[in-house]
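What follows is one structure encoded as structure tokens, with my remarks underneath.
The values are calculated or read from the model by the stated rules, or taken from the named source; none is laboratory data. This one's a predicted model, so the numbers in the text were calculated from it and none came from an experiment. Cβ placement follows ideal geometry from the backbone for every residue including glycine, while neighbour counts extend to all protein chains displayed.
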Amino acid sequence: MSRREAWLSAGIIFAIALSIRAAAAAAVSFPVPENTAYYVGVARNLVEGRGLISDSLWSYGTQPLAVPRAAFEVWMPLPSLLAAIPMAILGTANWFRAAQISSVLASAAIPVLAWRLAADVAAEMALPISRARTLGIGTGLVSAILGPLVMFGAVPDSTAVFAALSLAACILMTRIAAAAVGVGANALKPAPAPALALVALGLVVGLAALTRSEAVWLAAAWAAMAWFWTAGDRRSRARLIAIPAVVSCLVVAPWLGRTTLAFGTPLPGQTISNAFFTHDYDVFAYQSQPSLSGYLAQGWPTILGQHVNGFMHDLVNVLVIPAFPVSVVGLIALVLVWRRRSLRPLLVATALTYATTSLLFPVATVSGTFLHAAGATYVLLAFSCLVALDALVVRIGRIRHWTRPVAWIGPGIAIAAIVPLCLISVTTLSLEANDARIRYDALPSAMTRAGVPLTAADPVITSNPIWLAESARVRTLALPQESPESVLALAHRFGATILIVTDDGRPWPGVLRDRGSGASCFKEVVLTDNSGTNVQAGSPLAGIHVFRIVC
């Protein structure tokens, strides 16, 4: 493929991906899920001159406990920094729409990188030029339309940025390794100058580390590839590892310094406790923090069941269903591609990420730990699926004695299969976003009518602290799913007098029906619609309970 053809292919894939993601983003009017609101809210605070802070104290596992508080005690800052760029240009009036620009662009880069990765592997497989071209462009187009990757563009969180950086890092790794073993001219495009490529790899991995903590597995994948699958003595292999490691540390070091000043430690303080979750709502624990003793007290049958559930959740709910049927074919067809040198970094990083999130964080991963790091894995499955379809088409062609090129049948089948699910996924996300937007638009006026207006003076305890904080611009505290006495202790500590709970299957507000010693301190307030009638089923406020804290 000539340089002109390569740039043309990349441009067409990017344009298609950009238009699809822009349409999907236009359909999503509110930051869902809730973590998206956190990234966008912090970006807005930064643009408004308040710095990297959040008005939501959504987790009590990291000191100091204050609201507003320094942002990113658990997550990483790069998505907010990227979202702040278009927001600074366009203003914060349409804060969410402005932030979506960054996610649309980052997500649109994923199919281009998928095309480049597939083209490199096709060259390594020594496919005929027409099949290699089709496999590369087909992988890019399937990635442009694949439902999960499209939805990543609509929500400005860490997922799309991390996927793009992961793919870029893996492409660099294979090219550096190819140059190191002297096969660049035979299997892949000639690699860049090793020193510059190693620095570039360090920059990309460092930026990935500022996006998600799972970047550590990208670093581990490169260390394994450089040490076990490149030529040279130990000194030369150590150099391949050391240069990117030093550059990555330099990229991340300023952030680690800031985290140390804000929270007293350079590392995410809650990582270990997340492994001890017994329920998905343990992230909001206040007095009953997750611990090893509490985790072991469940008993081994329960613990084993949680690990099996985490493993199956990440396999079925994260990989198989959202990208069906490409995901199923791709998983089966991994046996056809797993030996390819050009896929080794991606395969190793995917395996490590999947294993650690599923087995070490079996409860936390149900809330999205693996999902938000799985963008590059979808590309791997899409490529693997197209390799299988290409092999199937070739075999059928030989049996049927076809004489005309039919390599596009495989990508055509894949695209036709995923378009309906992509439309369903985007429509579902759009409806969820609209419901949340309408609900939080209606809530402040309803509370004013009920005599408990939302104000900036005192924080509000709520089961959706980030959504409320960013939509109503008030300070919020996450509702711990603990006893009424624990919630009262939280309210007294921060001076909160209002509790807002959404029926979502968690213990609250049902715990108040037990009428414990603290239950009488929560007096429910009746909400009304604009017409003055009590909230009924079908109202945007249905399922929301507001309580005065009177003790």
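One line per residue, one yes/no per condition, for (1) surrounded by 23 or more Cβ atoms within 10 Å (Cβ to Cβ); (2) in contact with a Ser or Thr (Cβ under 9 Å, 6 or more places away or on another chain); (3) aliphatic (A, V, I, L, M):
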| residue | (1), (2), (3) |
| --- | --- |
| Pro459 | yes, yes, no |
| Pro480 | yes, yes, no |
| Ser486 | no, yes, no |
| Leu490 | yes, no, yes |
| Gly495 | no, no, no |
| Ile498 | no, yes, yes |
| Arg506 | no, yes, no |
| Val511 | no, yes, yes |
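Can you give me the number of residues within segment 335-359 that are touching a residue at least 60 places away in the same chain (Cβ under 8 Å) and touching a His at 6+ places or on another chain (Cβ under 9 Å)?
0
Give the residue that is farthest from Ala195 (Cα to Cα), with candidates limited to residues of segment 246-257 that are within 24 Å of the chain's Cα centre (by Cα) and free of Cβ contacts under 8 Å to residues at least 60 places away in the same chain. So that I can check it myself, show each step before the final result.
Restricting attention to segment 246-257, the residues satisfying the condition of being within 24 Å of the chain's Cα centre (by Cα) are 248-249, 251-256.
Cutting the leftovers down to free of Cβ contacts under 8 Å to residues at least 60 places away in the same chain gives us 248-249, 251-254, 256.
Values: Ser248: 14, Cys249: 17, Val251: 17, Val252: 20, Ala253: 21, Pro254: 24, Leu256: 26 Å.
In this case the residue turns out to be Leu256.
Of all residues in segment 94-134, how many are more than 27 Å from Ile424 (Cβ to Cβ) and among the hydrophobic types (A, V, I, L, M, F, W, C)?
Count: 12.
Of these, Val526, Val511, which one is assigned by TED's automatic domain parsing to the domain that holds Met447, more than 18 Å from Ser59 (Cβ to Cβ) and touching a residue at least 60 places away in the same chain (Cβ under 8 Å)? Step through it out loud before you land on a result.
On the way: Val511 fails: touching a residue at least 60 places away in the same chain (Cβ under 8 Å).
Testing whether each residue is assigned by TED's automatic domain parsing to the domain that holds Met447, more than 18 Å from Ser59 (Cβ to Cβ) and touching a residue at least 60 places away in the same chain (Cβ under 8 Å) leaves just Val526.
Return the only residue of Leu423, Leu443 being buried (at least 18 other Cβ atoms within 10 Å of the Cβ) and among the aliphatic types (A, V, I, L, M). Explain how you work it out, then say what you get.
Details: Leu423 fails: buried (at least 18 other Cβ atoms within 10 Å of the Cβ).
One residue alone meets the criteria, Leu443.
Are any of the residues in segment 27-48 hydrophobic (A, V, I, L, M, F, W, C), surrounded by fewer than 18 Cβ atoms within 10 Å (Cβ to Cβ) and part of a helix (DSSP H, G or I)?
Of the residues in segment 27-48, the ones hydrophobic (A, V, I, L, M, F, W, C) are 27-28, 30, 32, 37, 40, 42-43, 46-47.
Checking which are surrounded by fewer than 18 Cβ atoms within 10 Å (Cβ to Cβ) leaves us with 27.
Going one step further and asking which of them are part of a helix (DSSP H, G or I), we end up with 27.
Yes, there is a match, as at least one residue in segment 27-48 is hydrophobic (A, V, I, L, M, F, W, C), surrounded by fewer than 18 Cβ atoms within 10 Å (Cβ to Cβ) and part of a helix (DSSP H, G or I).
Looking at Ile20, Ile85, which one is in the same structural domain as Pro148 (by TED's automatic domain parsing), within 18 Å of Ala160 (Cα to Cα), surrounded by fewer than 18 Cβ atoms within 10 Å (Cβ to Cβ) and at pLDDT 95 or above? First the steps, then the outcome.
Numbers: Ile20 fails: surrounded by fewer than 18 Cβ atoms within 10 Å (Cβ to Cβ).
The conditions single out Ile85.
Taking segment 470-524 as the region of interest, how many residues are out of contact with any helix residue (DSSP H, G or I) (no Cβ under 7 Å at 6 or more places or on another chain), assigned to a helix (DSSP H, G or I) and of a type outside the set (A, V, I, L, M, F, W, C)?
So the answer is 8.
Tell me which residues, restricted to segment 529-540, are under 11 Å from Ala442 (Cβ atoms) and touching a strand residue (DSSP E or B) at 6+ places or on another chain (Cβ under 9 Å). Don't jump to the end; show me each part of the working.
Residues of segment 529-540 under 11 Å from Ala442 (Cβ atoms): 529-530, 535, 539-540.
Val535 - this is the single residue of segment 529-540 that is under 11 Å from Ala442 (Cβ atoms) and touching a strand residue (DSSP E or B) at 6+ places or on another chain (Cβ under 9 Å).
Can you name the condition, by its number, that Ala469 falls short on among (1) out of contact with any Asp or Glu (no Cβ under 9 Å at 6 or more places or on another chain); (2) under 24 Å from Asp157 (Cα atoms); (3) among the aliphatic types (A, V, I, L, M)?
The one condition Ala469 does not meet is (1).
Of these, Leu454, Leu431, Leu490, which one is within 24 Å of the chain's Cα centre (by Cα) and not small (Gly, Ala, Ser)? Break it down into steps so the answer makes sense when it comes.
Details: Leu454 fails: within 24 Å of the chain's Cα centre (by Cα); Leu490 fails: within 24 Å of the chain's Cα centre (by Cα).
Among Leu454, Leu431, Leu490, only Leu431 is within 24 Å of the chain's Cα centre (by Cα) and not small (Gly, Ala, Ser).
Can you confirm whether Arg116 is surrounded by fewer than 19 Cβ atoms within 10 Å (Cβ to Cβ) and not hydrophobic (A, V, I, L, M, F, W, C)?
Numbers: surrounded by fewer than 19 Cβ atoms within 10 Å (Cβ to Cβ): no; not hydrophobic (A, V, I, L, M, F, W, C): yes.
Taking the combined requirement at face value, the residue does not satisfy it.
Conditions (1) polar (S, T, N, Q); (2) touching a helix residue (DSSP H, G or I) at 6+ places or on another chain (Cβ under 7 Å), marked per residue:
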position: Ala224; (1), (2): no, yes
position: Arg235; (1), (2): no, no
position: Thr260; (1), (2): yes, no
position: Thr271; (1), (2): yes, no
position: Phe276; (1), (2): no, yes
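For segment 357-366, name all the residues that are surrounded by 19 or more Cβ atoms within 10 Å (Cβ to Cβ) and assigned to a helix (DSSP H, G or I).
Selection gives Thr357, Ser358, Ala364, Thr365, Val366.
Kindly state which helices (runs of 4 or more DSSP H) lie completely within segment 223-336 and contain at least 3 residues that are closer than 30 Å to Ser483 by Cα and assigned by TED's automatic domain parsing to the domain that holds Met76.
Details: elements: 234-263, 271-274, 292-296, 300-312.
Qualifying helices (runs of 4 or more DSSP H): 271-274, 292-296, 300-312.
Mind listing whichever residues of segment 1-26 are touching a residue at least 60 places away in the same chain (Cβ under 8 Å) and either assigned to a loop (DSSP other than H, G, I, E, B) or in contact with a strand residue (DSSP E or B) (Cβ under 7 Å, 6 or more places away or on another chain) (or both)?
Met1
Which condition does Val40 not pass, out of (1) closer than 30 Å to Leu386 by Cα; (2) touching a helix residue (DSSP H, G or I) at 6+ places or on another chain (Cβ under 8 Å), if it passes all the others?
(1)
Looking only at residues in segment 328-356 that are farther than 24 Å from Gly305 by Cα and small (Gly, Ala, Ser), which one is surrounded by the most Cβ atoms within 10 Å (Cβ to Cβ)?
Ala349
Cβ-Cβ below 6 Å, separation at least six or inter-chain, first residue in segment 68-81 and outside the structural domain of Ala43 (by TED's automatic domain parsing), second in a strand (DSSP E or B): which pairs?
Close Cβ pairs (under 6 Å, with a partner that is in a strand (DSSP E or B)) do not exist here.
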